[in-house]
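Please treat every number below as a calculation from the coordinates, not as lab data. Not measured: the values here are computed from a predicted model. Counting neighbours? That spans all protein chains shown, and the Cβs are built from the backbone with ideal geometry, glycine included.
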Amino acid sequence: MTGQEVLAPATEAETLRQQLLQAQRLSSVGELASSIAHEFNNILTTIINSAKLGMRNPDPAEKQLAFERVAKAGQRAATIASGMLGFARKSATHRQNCDVVRLVEEVLVLTEKDLSKHRIQVETRVHARPLVWAVPGQIEQILVNLVINARQAMPNGGRLKIEVRENLEPDVVEVRVSDTGVGIPPDQLRQIFEPFFTTKQPDEYGRGGTGLGLSVCRQIIEQHHGRIRVDSVVGKGSAFTVKLPRRLPDDPE
């Protein structure tokens, strides 16, 4: 008689939650895939052309410059690939001290080409360099979702601003992601964090939003004992403010 392992309800719920987080993470990767593929094509063109020039040019100084361009382009490709693979695979759930500014920088490496392609100007303002006791991959997931949402809210281009600061509340870190996009109607603001609710219209391929991005963001933030707030004006843009405690009540000093 063959046995079958039966998960306890709490364990099963946690397993399903982790699967949802991973599915949403891969969905974000899919959103960025086209722009990153285009970026890699540009990098490869630079590497090939520079290598050819280096091989043909007899001047040692020109050869050196050509090979330096090859090395720089290769490093750029490695950085993007490492960030993309790391983001897609991160499934660890243990908390650690996270440099919030560094996480923002890593997310901008992943989204830089996508934002540039859609004529989005990026402004970052770092008022402090705080640490939070958090799961790094999950905080990155929040940031990627908010950046992609902001880009999608600006179909004709615009400005994206990311700010990191220490909140006036004791031991609270604040990250604010704002855009100059279409905004969210007041009657929809209460629904945007509900699973499967989306304000996005289908694109030219018939693809719309899954309605899971902001729902997953809220789940992650609540598990970190944090809060998320949205302010929006139709036709002027939206601002999402994430507040995270430096440490959770049950964490060791």
Sort the following peptides by mean Cβ neighbour count (other Cβ atoms within 10 Å, averaged over residues), highest first: 141-149, 232-240.
141-149, 232-240
When a footprinting reagent is the concern and you count Cβ atoms within 10 Å, what order do ASP114, ASP187 take, fewest first?
ASP187, ASP114
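Return the FRET efficiency for the residue pair LYS72, ALA128: r is the Cβ-Cβ distance, R0 is 41 Å, and the value is rounded to the nearest 0.05.
That gives a FRET efficiency of 0.85.
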Could you list ARG227, ARG218 so that the one with the fewest beta carbons within 10 Å of its beta carbon is first and the one with the most is last?
ARG227, ARG218
HN-Hα couplings for region 145-160 via Karplus (6.51, -1.76, 1.60; θ = phi - 60°), in whole Hz with x for Gly/Pro, come out as 4, 5, 5, 5, 4, 4, 4, 5, 7, 10, x, 10, x, x, 10, 10
Nitroxide proxy distance, nm - points 7 Å out along Cα→Cβ at SER116 and ASP59
2.7
On a 19 Å Cα-Cα criterion, which of the cross-link pairs LYS72/LYS161; LYS52/LYS113; LYS52/LYS72; LYS117/LYS161 come out too long?
LYS72/LYS161; LYS52/LYS113
